[in-house]
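Here the structure comes first, spelled out in structure tokens, and everything after it is commentary.
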Amino acid sequence: MGTAFVDRSRCLPWAMDKPCIVCEENCPLSPKAIFTREEFSTVRDGIFTAKEFRGDTIETVENNLKPTKFAGGDYYCAVEGSVRRKIEANSENSLTISADEQFRNLAAKSGKIEVQVRLQRPYVDIERCIGCGICEHECPVSGRKAIRVSAEGETRTANRRLLLER
Ligand code: SF4
Ligand code: SF4
């Protein structure tokens, strides 16, 4: 029936750094024709100064965080770029995480913490996609969807195929 293509300029994890995995979840094939690659991206204005640890809560010098904004399960608190713990809750001037000793020590040493969002950016496996269109139908981006099926691969004849080799 064709092949789906991700439009990276409209796809939420690609274009906006917003979590979304709807197309992958809805692809009916097994194994799925959509796979994802995990990436962590520092949110805009997401670097904070750690003032104090109280149990699992880090108090920040800044007090302009939007309460509960990072509590949805997709946000992490990171030190030194890549040591990270999931954020359970946040207030205007604090982040609550499951902080272990290693994390506390690193945060105390650097003084800076980053809020990162976990993204699962989608890719279409051209070997598997049958062009059924369910991903396009379910994509939450309105108007021109961020994943769309084209007629590419509709015919399997050797001189019309997308890839030189399959
Ligand atoms: S459903 Fe749409 S916005 Fe969400 S990951 Fe897939 S292509 Fe991107
Ligand atoms: S068109 Fe169908 S088979 Fe292809 S990626 Fe989308 S849901 Fe999966």
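Here, each number is a calculation from the coordinates, and none is a lab measurement. Not measured: the values here are computed from a predicted model. Because the Cβ atoms are built from the backbone with ideal geometry, glycine has one as well, and the counts that use them run over all protein chains shown.
Points worth noting:
- Packing, as the average of other Cβ atoms within 10 Å across residues, places the peptides 75-81, 40-46 in the order 75-81, 40-46, highest first.
- Diffusion of segment 9-138 by Stokes-Einstein, at 4 °C in a medium of 1.567 mPa s and with Rh set to the Kirkwood radius over alpha-carbon pairs, works out to 80 µm²/s.
- For segment 29-166: relative contact order, % (alpha-carbon pairs under 8 angstrom, 6 or more apart): 28
- Theoretical FRET efficiency, 1/(1+(r/R0)^6), r = Cβ-Cβ of Glu52 and Ala151, R0 41 Å, to 0.05: 0.10
- Most tightly packed first, judged by the mean number of other beta-carbon atoms within 10 Å of their residues, the peptides 90-101, 110-121 read 110-121, 90-101.
- Residue pairs exceeding 26 angstrom between C-alpha atoms, taken from Lys18/Lys51; Lys18/Lys112; Lys32/Lys145; Lys66/Lys145; Lys18/Lys109: Lys18/Lys51; Lys66/Lys145; Lys18/Lys109.
- As a rough footprinting exposure proxy, the listed residues Arg84, Arg148, Arg8 were ranked by other beta carbons within 10 Å of their own, and the order from fewest upward is Arg8, Arg148, Arg84.
- Against the chain, whose longest principal axis comes from its Cα atoms, helix 101-110 is set at around 80 degrees.
- For segment 39-119: relative contact order, % (alpha-carbon pairs under 8 angstrom, 6 or more apart): 41
- Projecting the Cα atoms of Ile34, Thr57, Gly2 onto the charge dipole of segment 1-69 (Cβ charges, centred on the Cα centre) puts Gly2 farthest toward the positive pole.
- The Cys residues in the chain with no partner Cys Cβ within less than 4.7 Å of their Cβ are Cys11, Cys20, Cys27, Cys77, Cys129, Cys132, Cys139.
- Integer Hz, Karplus 6.51/-1.76/1.60 couplings in order for segment 111-126, x for Gly and Pro: x, 10, 10, 10, 9, 10, 9, 8, 10, 10, 7, x, 9, 9, 8, 5
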